[in-house]
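The values are calculated or read from the model by the stated rules, or taken from the named source; none is laboratory data. This structure is a prediction, so every number in the text was calculated from the model and none was measured. We place every Cβ from the backbone using ideal geometry, glycine too, and count neighbours over all the protein chains shown.
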């Protein structure tokens, strides 16, 4: 009876040692007499003692930093780059049986591929087209690790260091580019202003009295300032009369009086101004006779 009870407890102990609880993110690669009998898990798994052993494989995503690598770009510029690689085990059987240390192997293949691919691009591409380079790196590394049961989900170039002399050259280039854009914007503004002035000139030319009104408005604006001397253009009436256009002398006389009144206004309003009006009556009367 004691022997049977002892065997019973011995069997319970063996059963307890044989029962394994595998986590959701783990898998057990079971070997029976040295040969793989299968991949088990997750949940409770029974491992036969003495006859079977196992190796646990983590199926979760792994984040691996690629240390700083010095590369020579296609345009012969020395740069230092660092990256990060995201991968996970998708085939526990291959990870255990095809390669001894999958994590070290993935790290080494990522470093060599990074130097190789970046050496095929120019520095400008490395700085501006990083997304395309990341996709290219991911495809190449994933193709090489596929036989190991590892899936490379992404690889990102996270840091690029260039020489200080190259940084100064790039800063000068950026400054020159900004100056070029500023000059282009200024030239476009001058062109638009010239077009607007040309359109205004054509509009004024279609109305005979528009130019005179504009001249009188300008004279009024100038007369508001405290100037010692006032320069103004000859009115249109005097030019027409001088050319023999048969202008009305009475209308000319009124225009002269209006101009003299405008000229004398700043002289009376300012304390220190000495504006002088040029008498035009004699010349007008001579032309009229």
Check your understanding: Of the conditions (1) in contact (Cβ under 8 Å) with a residue 40 or more places away in the chain; (2) surrounded by fewer than 17 Cβ atoms within 10 Å (Cβ to Cβ), residue 141 fails just one. Which one is it?
Key -> (2)
Check your understanding: Do you know which of the residues in segment 16-33 that are over 58 Å from the mean Cα position of the chain (by Cα), outside any strand (DSSP E or B) and free of Cβ contacts under 8 Å to residues at least 24 places away in the same chain is farthest from residue 97 (Cα to Cα)?
Key -> 16
**Study point:** One residue from 175, 161, 156 being more than 30 Å from residue 90 (Cβ to Cβ) and surrounded by 11 or more Cβ atoms within 10 Å (Cβ to Cβ)
**Key:** 161
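Here is a yes/no grid of residues against (1) part of a helix (DSSP H, G or I); (2) under 19 Å from residue 117 (Cβ atoms); (3) over 22 Å from the mean Cα position of the chain (by Cα):
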site	(1), (2), (3)
152	no, yes, yes
168	yes, no, no
178	yes, no, no
189	yes, no, yes
Exercise for review: Quick one: count up the residues across segment 45-64 that are modelled with pLDDT of 90 or more and loosely packed, with under 12 Cβ neighbours inside 10 Å.
Suggested key: 2
Exercise for review: Please verify whether segment 33-47 includes one or more residues that are over 30 Å from residue 107 (Cβ atoms), in contact with a helix residue (DSSP H, G or I) (Cβ under 8 Å, 6 or more places away or on another chain) and not assigned by TED's automatic domain parsing to the domain that holds residue 96.
Suggested key: yes
